1. Give, as a single signed number, the net charge of other residues whose beta carbon lies under 12 Å from the beta carbon of Val368, with Lys and Arg counted +1 and Asp and Glu -1.
2. Between Thr280 and Ala79, what length in nm is gained on full extension when 0.36 nm per residue of separation is reduced by their alpha carbon distance?
3. Just need the relative contact order of the chain here, percent rounded to a whole number, with Cα pairs under 8 Å and 6+ apart.
4. I'd like the distance between the alpha-carbon centres of the range 335-350 and the range 22-38, rounded to an integer number of Å.
5. Looking at the range 14-80 from every direction and averaging, what is the projected area of its Cα convex hull in nm²?
6. Please list, by residue number, every one of the GluC sites (Glu not before Pro) in the range 195-244 that is coil in DSSP and has at most 13 other beta-carbon atoms within 10 Å.
7. Report the Rg/Rh value for the range 296-411, based on alpha-carbon coordinates and the Kirkwood definition of Rh.
8. Taking the Cα of Leu210, stepping 7 Å toward and past its beta carbon, and measuring to each backbone N in the range 78-108: which are under 20 Å?
Amino acid sequence: MTPRTEEAPVTFSAMWRDLTPVGRDGKSGGYHRFAWTREDHTLREWFEGEARRRGLDVTVDRVGNQWAWWGDPDGALAAGRPGIVTGSHLDSVPDGGAFDGPLGVVSAFAALDALRDRGFEPDRPIGIVNFVDEEGARFGVACAGSRVLTGAMTADRARSLTDSDGLSMAEALTAAGRSAEDLGPDSETVRRIGTFVELHVEQGRHLSALDENVPVAVGSDIWPHGRWRIRTLGEANHAGTTRLEDREDAMLGFAAAVIAARRAAESHGCVATVGKVAVTPGGVNAIPSEVTGWLDARGADEAAVRAVVADVTEVVDDFGGLVVEDSWTGSTPFDPGLARRIATRLGGIPVIGTGAGHDAGILANAGVPTAMLFVRNPTGISHSPEEFATSEDCLAGVDALASVLTDLAGG
Ligand code: GLV
Ligand code: MN
Ligand code: MN
Ligand code: MN
């Protein structure tokens, strides 16, 4: 992306240009950047390079999240002035967009550059983070990096999660040259975060639907959401020679579950998605012996989301299948005082909620004062190669973040 404004910080476009090719599918234009893969390694090297080039101190916590510090976070903590941290993630969903995650990390470096250009001297250290495995695209649990960091997911559970090749996270960590035994909560790292502000592309059309020209909003809360694994069983047999009455077709129960999810979402005022399915044996001419799929359900109200899952479970039960919870994040309000302070500082910008999960939500639930900034997305499309934000809006996001950091780190 080439910023179109004259005053564009050179750093933003240079960073964006360097990131663009990593994990990009030449045909779709979408990204495949999954935790602890070669692409992820390249992204992590990029992060470290950007940090070192700025003279920041780079640390990696027990989970593998990367931190780059301007100032001494431990000295400041001892003095009762814990740091202000910003950043996001660099991984993607399968065939994801360019902005979900990277925009927050690139903007963090660009905002820091802007502060330094102005001669700003922070009273608190400023940190930039790259959370590992935010999307959970490989091992199934979203925000794995921040969940293990804060203890919201145990290290044992994380280690045992498997990818679609049956490789465990422990094995993937080892293959990436990290110790799987080291994985665990890291309260020392969490304590350094006095306040966390994550900038993210908006995943919806709240801002673009406004009559006024407002490129940035502040987050109020994240909807309750979770992932459940649906498993139905049957018996593999020949598609041509097995009479209908003799079949045990795992797909029938699974298909009923998908329809039930849609109906339950409609009747309980939620959203529900089955976007990933694995069929065994997976032959066009074989009756499925097993179907595993992932239900993603979200809504404004926790009880309503639970009701959706209960409805689906009832249908799956009828077919002798199983629904197992993979992850659950309850209603997550961001710090309301912080949101108000940011909205006011940025000229009374809107405060909006979201149905998307973020590491910011995991930190908020761990008691860290947390806020989010959303950058306008003209179509609202996300988790797709079509995801977009204009250069002007991205740079407005950098300006907003720089202003927030000035306020929060300025003493
Ligand atoms: C992560 O981006 C999610 O909300 O699914
Ligand atoms: Mn995402
Ligand atoms: Mn994201
Ligand atoms: Mn997310």
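No value in this document is a laboratory result; all are computed from the given coordinates. Please read all numbers here as calculations on a predicted model, not as lab measurements. Because the Cβ atoms are built from the backbone with ideal geometry, glycine has one as well, and the counts that use them run over all protein chains shown.
1. -1
2. Full-extension gain reported as 66.5 nm.
3. 22
4. Taking the Cα centre of each part, the range 335-350 and the range 22-38 sit 35 Å apart.
5. 5.8
6. For GluC sites (Glu not before Pro) across the range 195-244 that sit outside H, G, I, E and B with at most 13 neighbouring Cβ atoms in 10 Å, the list reads Glu212.
7. Using Cα coordinates only, the ratio equals 1.08.
8. Residues passing the 20 Å test: 104.
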